[in-house]
Amino acid sequence: MDAAAPFDPVEFKKHLRQYYAVFVALACLTAITVGVSYLRLNRPLAIGVALVIASIKASLVAAVFMHLISEKKVIFALLALTVFFFLLVLLLPAMTTLEGGRIL
Amino acid sequence: MSETVIPYMVKPNPVTGIPNGKFAIWLFLASEVMLFGALFSSYVLLRTGAPHWPPEGGLSSEILNVPLATINTMVLITSSITMVLSWASCKLGDLRKFRMWMASTIALSFVFLVIKYFEYHHKFELGHYPSHDNFYAIYFTLTGLHGIHIIGGIIVNTFLLTIGTRMWKTDPEHFTNRVENAGLYWHFVDLVWIFLFPALYLL
């Protein structure tokens, strides 16, 4: 929520519907994640599908529940820096194992 | 004795455009991302380095209890919406509803921990401790750290539901900001589980 914006209860109540919609979407995506795992896809495809669904779920939580959708630039700058270092930490070991020709 | 007051806890700081408490919680969450990031990285390293994952054979979904973890995922997702609704109730000036939604969030947090207890208990009965192999080592480390975060959330939320509510009478806007900050932390805990669940249980 934008702390500087004047508070409008009517407008605010519209957000409540958004919260319920995201909740339903998260529940459905969880069911899809579990359902897909029973399809016994090959491992790279299964990892790809699970990661995509998890990323969609995480984006919904961050955008709507954490109000990132209406957040200030300073938070995005902070998150961009965090994501950069997160990916660095995550990918460094993976890149070392790639030399051996094996990943996941 | 003069009282030290942290500035811009209600109104936005002119430099950042948001209240200081909110900026602080985002900085804290950034450090949390790196904490879990390091462990996820360890997970990737252990997994790519193993000839078979899990090392003892089979699939993660056959070793771990997927139905229980799915229920726990739903419990956390539900607790996320109750948390955001508790904040929304504060914004709308309804303390009674805030109490109801916040109590629900805390109750769901306990449900999550109880389910986790049954999962751990079953593994210990089978003699599967963190020392069993790399799979169980990373499973217990990641889910254990996540569980500690759940306990942290319960402590903060219980404070807001009980003693912390006193602030509602004196400074409701500040109290609402506190609930929002606690909510940001809680949604982050949910967010971590969203990735832990498929990574550990399904893949």
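Taking region B:119-135 as the range and being surrounded by fewer than 17 Cβ atoms within 10 Å (Cβ to Cβ), under 24 Å from the mean Cα position of the chain (by Cα) and under 14 Å from B:PRO55 (Cβ atoms) as the test, only B:PRO130 passes. Among the residues of region A:79-92, is any more than 17 Å from B:LEU39 (Cβ to Cβ), surrounded by 12 or more Cβ atoms within 10 Å (Cβ to Cβ) and in contact with a helix residue (DSSP H, G or I) (Cβ under 7 Å, 6 or more places away or on another chain)? The answer is no; no qualifying residue exists.
Computed from the coordinates by the stated procedures, all read-outs in this text should not be read as laboratory data. In this text the structure is predicted, and so the values were computed from the model without any measurement. Positions of Cβ are generated from backbone atoms using ideal geometry, with glycine treated the same way; all protein chains shown enter the neighbour counts.
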